[in-house]
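Peer 1: Just passing along the structure, written as structure tokens.
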There are 2 protein chains.
Amino acid sequence: MAVDRKRFIIEAATKSFTLFGYKATTMDQVAKLASVGKGTIYTFFKNKEELFEDIMITLIQEMKQAAESVVQETNSFQENVHLALFEMLQFRTKHQLAVKLFQEEKEMGTPAVSEAVRKMENAIVGYITNQVSAAIDRNEIKQCDPEIAAFIMMKLYVTLVVDWERRGNALSKEEIAQLFELYVFEGLAI
Amino acid sequence: MAVDRKRFIIEAATKSFTLFGYKATTMDQVAKLASVGKGTIYTFFKNKEELFEDIMITLIQEMKQAAESVVQETNSFQENVHLALFEMLQFRTKHQLAVKLFQEEKEMGTPAVSEAVRKMENAIVGYITNQVSAAIDRNEIKQCDPEIAAFIMMKLYVTLVVDWERRGNALSKEEIAQLFELYVFEGLAI
DNA sequence: TAAATGACCAATTTATTATTATGGTCAAAA
DNA sequence: TTTTGACCATAATAATAAATTGGTCATTTA
């Protein structure tokens, strides 16, 4: 193969999804951007949705890597969970494609995009679930259902980072860490 | 005044909002249902939105009463918070007007309805905030920001009652109470 | 001759116009 | 003085026309 057409197509589609979103990205546009005939796209991908899913797999991998880059063996479980969750939620607001997709999901509810957002959420919960399971095995925390725990932790972070901000002034990273520790680890009981 | 026209209007509007939602309820319809000329409505209410707000105040009062009906002096704080939150979230899924409004908010995003839903949420948080403040004064729980605590508790309940159900099988009232106690009061720390 | 292409098509989306319905007013009636 | 419903400007909806788009496939290319 003289030129890596598949790579060109993926790069062009990523650019276009990032700039215009899923719905407003046309296959003609991707073909033009990739300097490729439209038919060529369909020799690599069954349809637009599959092309999008391929790109989403990469995005989710990047998000996982972002989490892994801040998690450290030597840290305590709660420190690592805090860092990982904060990093992944941050990723969703910093990575341009993720931002565009969340916007499109909220404003238009494009089905393929809703599914993609769901998969990102599952990736976060899945990653934290593993951390929780490991922490239980190491006897760092109480016995509990790891998936429910991970789900609650993620939702608590969204509550603290996103929902509370909507009600007034945002919480700092340190305040969030403190609240997380208070409610999930220490508890309100005296 | 021969007949209580205002009462008739409110009853007719409540029926219509419950049956058809805010958007699909017409002032002509309300007037007909109330056996009143359309102009009469505007002698009691400035416009459709104010009529709706009047009815919402009643709905929120009812929700508060539902919470108060299950809260008891002799109960512990966490028991009362559990009962109150469960009751109010239940109220939102049982009271027909509330159900209709949540549906309309989700499907159409009617601004007046979004505002109403926001007020219901504030009412719940406000009620729990008071409970938390009182519990701190009684030294039943640790010192903490009562509003953030109430907000987190409400969100945790929505997570457990609504969000987790969407991921698979629902949790029972007892499981929810246990999880609530584990995460908010006891904590995961060993 | 296998890979690449873009004109083409059915189906959907968007733009345009016509029609209806609705919130709110106010002169007349009760 | 209170109540009313015909009336109106505006907004929502329906109907129709025009443009766009995802996907195909016969033809071209290397």
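The values are calculated or read from the model by the stated rules, or taken from the named source; none is laboratory data. What you see is a predicted model, and the numbers here were worked out from it, not measured in a lab. Please note: Cβ atoms are built from the backbone with ideal geometry, for glycine as well, and neighbour counts cover all protein chains shown. Heavy atoms of the whole protein, side chains included, go into the accessibility calculation; ligands, DNA and RNA do not. Shrake-Rupley method; radii C 1.70, N 1.55, O 1.52, S 1.80 Å.
Peer 1: Could you identify the residue of B sitting closest to the B-A rotation axis by Cβ and state that distance rounded to whole angstrom?
Peer 2: Taking the axis that maps B onto A, the answer comes out as B:G187, 2.
Peer 1: Could you give the alpha-carbon Rg of chain A over 2.2 N^0.38 Å, rounded to two decimals?
Peer 2: 1.21
Peer 1: Using per-residue counts of other Cβ atoms within 10 Å, averaged over each peptide, order A:67-79, A:24-36 from highest down.
Peer 2: A:24-36, A:67-79
Peer 1: If you average the sequence gap of Cα pairs under 8 Å that are 6 or more apart and divide by the length of chain A, what percent do you get for the contact order?
Peer 2: Worked out over chain A, it gives 18 percent.
Peer 1: Using alpha carbons only, how many angstrom separate the centre of the stretch A:97-160 from the centre of the stretch B:123-150?
Peer 2: 28
Peer 1: Label points 7 Å out from Cα along the Cβ direction at B:S172 and B:E11: separation in nm?
Peer 2: 4.3
Peer 1: A further question on this structure: Full extension from A:N130 to A:Q90: what is 0.36 nm times the residue separation minus their Cα-Cα distance, to one decimal in nm?
Peer 2: 12.4 nm
Peer 1: How many Å² of accessible surface get buried when A and B come together, counting both sides, probe radius 1.4 Å, rounded to the nearest 100?
Peer 2: Adding both sides of the contact gives about 3000 Å².
Peer 1: Under a crude label model (7 Å from the Cα following the beta-carbon direction), how far is B:V70 from A:E79 in nanometres?
Peer 2: Label at B:V70, label at A:E79, 4.1 nm between them.
Peer 1: In the stretch A:109-155, which trypsin sites (Lys or Arg not before Pro) are in a loop and have at most 13 other Cβ atoms within 10 Å, using DSSP for the loop call?
Peer 2: A:R138
Peer 1: Suppose every K and R has +1 on its Cβ and every D and E has -1 on its Cβ; what is the size of the dipole of the protein assembly as shown about the Cα centre, in Debye to the nearest 20?
Peer 2: So the magnitude is around 1780 debye.
Peer 1: In addition: Defining a contact as two alpha carbons under 8 Å apart and six or more residues distant in sequence, what relative contact order in percent does the stretch A:1-45 show?
Peer 2: 41
Peer 1: Per-residue counts of other Cβ atoms within 10 Å, averaged by peptide: what ranking do you get for A:165-178, B:88-101, highest first?
Peer 2: Result, highest mean Cβ count within 10 Å first: B:88-101, A:165-178.
Peer 1: Averaged over peptide A:179-187, how many Cβ atoms belonging to another chain are found within 10 Å of each residue's Cβ?
Peer 2: Rounded to a whole number, the mean comes out at 6.
Peer 1: Any chance you could list P(r) for the protein assembly as shown, counting all Cα-Cα pairs in 20 angstrom bins from zero, rounded to whole %?
Peer 2: Final binned percentages: 23, 46, 26, 4, 0.
Peer 1: Quick one: label points 7 angstrom along Cα→Cβ at A:I57, distances to the other copies in nm, smallest first?
Peer 2: Spacings between copies for this position, smallest first, are 5.9 nm.
Peer 1: Follow-up. Determine the dipole magnitude for the stretch B:56-186: charges of +1 sit on the beta-carbon of Lys and Arg, -1 on that of Asp and Glu, nothing else is charged, the reference point is the Cα centre, and the result goes in debye to the nearest 20.
Peer 2: In total the dipole reaches around 360 debye.
Peer 1: With unit charges on the beta carbons (Lys and Arg positive, Asp and Glu negative) and the dipole taken about the Cα centre of chain A, which residue among A:Q78, A:F8, A:L188 sits farthest to the positive side?
Peer 2: The Cα lying farthest towards the positive end belongs to A:F8.
Peer 1: Residues of A:163-171, mean number of Cβ from any other protein chain within 10 Å of their own Cβ, rounded to a whole number?
Peer 2: 2
Peer 1: At A:R167, with labels set 7 Å past Cα in the Cβ direction, how many nm apart are the copies from this one, shortest first?
Peer 2: Result, one decimal in nm: 2.2.
Peer 1: Using a Förster distance of 51 angstrom, determine the FRET efficiency expected from the C-beta separation of A:F102 and B:V3, and round it to 0.05.
Peer 2: 0.45
Peer 1: How many partner chain Cβ atoms sit within 10 Å of a residue's Cβ in peptide B:142-151, on average, as a whole number?
Peer 2: That works out to 4 on average.
Peer 1: Per DSSP helix of 4 or more residues, -39500 (n - 2.57); summed, then divided by the residues of chain B. What does that give at 222 nm, rounded to the nearest 500?
Peer 2: Counting only the DSSP helices, I get -22500 deg cm²/dmol.
Peer 1: Label-point separation (nm) for B:T26 and A:D137, each offset 7 Å from Cα along Cα-to-Cβ?
Peer 2: Placing both labels 7 Å along Cα→Cβ, they lie 6.6 nm apart.
Peer 1: So for the stretch A:56-186, taking the charge dipole from beta-carbon charges (+1 Lys/Arg, -1 Asp/Glu), which of A:I60, A:V99, A:S133 sits furthest toward the positive end?
Peer 2: Going by the Cα projections, it comes out as A:V99.
Peer 1: May I pose another question? Please list the helices of chain B that count as membrane-span-like by this rule: a mean Kyte-Doolittle hydropathy of at least -1.0 together with Cα atoms stretching 20 Å or more along the helix axis, each helix being a complete DSSP H run.
Peer 2: B:5-20, B:48-70, B:77-94, B:111-137
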